[in-house]
Each structure stands twice: as C-alpha cells, then as structure tokens.
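Trainee: One structure follows; several queries about it will come next.
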Amino acid sequence: QTLPALDAVQTEHAARVRAAVEAALVAGGGWLPFEEYLRIVLYAPGLGYYSAGAQKFGAAGDFTTAPELSPLFGRCLARAVAPVLAATGGGLLEFGAGSGRLAATLLAGLAELGAAPRHYWILEVSAELRARQRALLGALPPALAGCVEWLDTLPASPLEGVILANEVADALPFGCFALRDSGPMARGVALDEQGALAWAERPADSALRSELARIESELDAPLPSGYVSELCPGAGGWVAALGAALGRGVALVIDYGVGRREYYHPARAQGTLRCHYRHRAHA
C-alpha cells in the first residue's frame, strides 16, 4: 500500500534514527537482534518513537487508544480502583500516560466517587508526552492537578495503592524468531546489498532455543518449519519489577492479547508484528 510521505522534519529525523541504527550495526558486526533494533527506534533518547517528539495520537498521529475515544474507559477504571485506594490509603502510579487523557478522566471519576488519591504518579519516558500531560492535567481543579507528579524511575520503596499500565506491554521491545529446516533462527536487522535495512537471520543461541522449547512444551504439537513469530524475553522481568514496586494493592496491566496456545497457533505462521503509521496498518 502507499503510505503518506514524510515531511522535511520527519525525513531529517528518520535520517538521524537510521544513523543510530547503522552505528549499532557496525558495533554489532553487521547484525542486530530485532529486540535491540526496537530499543533504538522506540526508546533511544531524543530519537526513539516513544522518547522523541512525534505526534502519536489523534488525526495527525498514528493510532488512537480507548481513553482518547470516550470517558467511559476511565470511569470504569475509577470504579474498579476506588475500593483499592480506600483499602490501602495509597496512591496511583500510571505507566506511559499517553496524552494524559486517561489520567484526567480517572482523577475526575475518582473525585466524583469521593476517592481522589493523595498521589497520582506518572512514569513517562517521552518529553513531548510529558508536556502534553502537564498541559491537560494542569487544567483540572487545583486539588486534582496538585496530586500529579512525574517520575523518571520506579519508586525506591514499594508503594501502596494501584499500578496501572494501559497498552504498555505491547510497546516493550521483543525478539523475532523463525523455524527453519536447519533449526531455530533469531531474526534481526542488517544492511542488504543496496544498503537498505533488511531482515537477516542468525542461528538461535542457547537462551532462545531454551525459550522456544519451553513454548513448544505447552503446545499441542511442535511448530512447523517456516513458522515465524515473536517472543518478549523482557516481559518477565518487567512484570517482576511491577510486583517489586507494589507493597500492597493491585497492578492492572491492560492490553490486547490471547493465550499462548492461540498466539502460537500453527495457522498464525507469520506472527503478529504490525506497523502503524498515520492510521494505516502494514507489515
């Protein structure tokens, strides 16, 4: 399909991102695991999609999320977390608050229920999104706006209350693999003969082989040769970090997904990796 063209600013930014990828390729001997490629293009300071200034939400952005469409999502969450906040007397920590729309709706809903938190922490890596969040949440009544605080890292001591991560898990860097007749392969990025970024495969290391064996042990049958999919080795550590950050309360991790047997179904032989640009999904 034809995608909208980049403007001059986007073109210049894309060139800087590519330069960072090429530098990593040189350092990596000409090949980058896909997970490492994602760490650069999504999170490299000042360059990555989530850490730079690109418009992400709305008509001028690339996608939209449930909190942007209706206040009902935030109001439902307010009803769910109000009893937890009342029982713990604690606060609420939101990962990746996007435009701030969910935080604004949630705070207003909690206030209506008489359960406004003393603290609403936001852990946000994007300076551009932080600025949007500050502008939106600063317009709330002073009692609500005053409880919002931005963090750079998880709190040093476990908090009591609620940890909320809406559509964050699917933004964690993940790896890609392919099953070939010669054995499992790690998929990554290299430069092709024309100098373009392209898929490239290397034999899987022992860690990937072990993880694939664990996945297949939970399936009805081994996956066939030619099967391509993804796995997120960092997810377990991320969930463990959430647990360690929570002394007493509830962690709500909200995203789209299916069970492992369905995710690694033989019919889903090309994985689920999708790109979204200006509200167009492509492979």
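Trainee: Considering each of 162, 148, 228 in turn, give the residue that is touching a Gly at 6+ places or on another chain (Cβ under 6 Å) and under 30 Å from residue 132 (Cα atoms).
Mentor: Numbers: 148 fails: touching a Gly at 6+ places or on another chain (Cβ under 6 Å); 228 fails: under 30 Å from residue 132 (Cα atoms).
That would be 162, the only listed residue that is touching a Gly at 6+ places or on another chain (Cβ under 6 Å) and under 30 Å from residue 132 (Cα atoms).
Trainee: Note down all Cβ pairs under 7 Å where the first residue falls in segment 1-24 and is part of a loop (DSSP other than H, G, I, E, B), the second is open to solvent by 80 Å² or more (accessible area, probe 1.4 Å), and they're at least six residues apart or on different chains.
Mentor: Pairs that qualify, where the first residue is part of a loop (DSSP other than H, G, I, E, B) and the partner is open to solvent by 80 Å² or more (accessible area, probe 1.4 Å), are 1/280; 3/280.
Trainee: Looking only at residues in segment 64-114 that are charged (D, E, K, R) and part of a helix (DSSP H, G or I), which one is farthest from the chain's Cα centre (by Cα)? Please lay out each step first, then the result.
Mentor: Start the filter on segment 64-114 by keeping residues that are charged (D, E, K, R), which leaves 68, 75, 79, 94, 101, 112.
Narrowing the set further to residues that are part of a helix (DSSP H, G or I) leaves 68, 75, 79, 101, 112.
Working: 68: 17, 75: 23, 79: 25, 101: 17, 112: 30 Å.
If we take residues in segment 64-114 being charged (D, E, K, R) and part of a helix (DSSP H, G or I), then 112 is farthest from the chain's Cα centre (by Cα).
Trainee: For segment 86-101, which residues satisfy the criterion of being under 13 Å from residue 161 (Cβ atoms) and open to solvent by 10 Å² or more (accessible area, probe 1.4 Å)?
Mentor: Within segment 86-101, the first condition is being under 13 Å from residue 161 (Cβ atoms), and the residues that meet it are 86-94.
If the condition is that a residue be under 13 Å from residue 161 (Cβ atoms) and open to solvent by 10 Å² or more (accessible area, probe 1.4 Å), then 86, 87, 88, 89, 90 are the ones that fit.
Trainee: Output the residues belonging to segment 262-271 that are touching a strand residue (DSSP E or B) at 6+ places or on another chain (Cβ under 9 Å) and surrounded by 13 or more Cβ atoms within 10 Å (Cβ to Cβ).
Mentor: Answer for segment 262-271, where residues must be touching a strand residue (DSSP E or B) at 6+ places or on another chain (Cβ under 9 Å) and surrounded by 13 or more Cβ atoms within 10 Å (Cβ to Cβ): 263, 264, 268, 269, 271.
Trainee: Wholly within segment 115-229, which helices (runs of 4 or more DSSP H) include no fewer than the required count, namely at least 3 residues that are closer than 24 Å to residue 77 by Cα? Quick ask: steps written out before the conclusion?
Mentor: On the way: elements: 127-137, 142-145, 206-217.
So the answer is 127-137, 142-145.
Trainee: Return the residues of segment 119-165 that are open to solvent by 80 Å² or more (accessible area, probe 1.4 Å) and within 18 Å of the chain's Cα centre (by Cα); say none if nothing qualifies.
Mentor: Result: 125, 152, 153.
The values are calculated or read from the model by the stated rules, or taken from the named source; none is laboratory data. What you are looking at is a predicted structure, and each value in this text was computed from that prediction instead of being measured. All Cβ positions, even for glycine, are placed from backbone atoms using ideal geometry, and neighbour counts span all protein chains on display. These area figures cover heavy atoms from the full protein model, side chains too; ligands, DNA and RNA do not enter into them. Shrake-Rupley method; radii C 1.70, N 1.55, O 1.52, S 1.80 Å.
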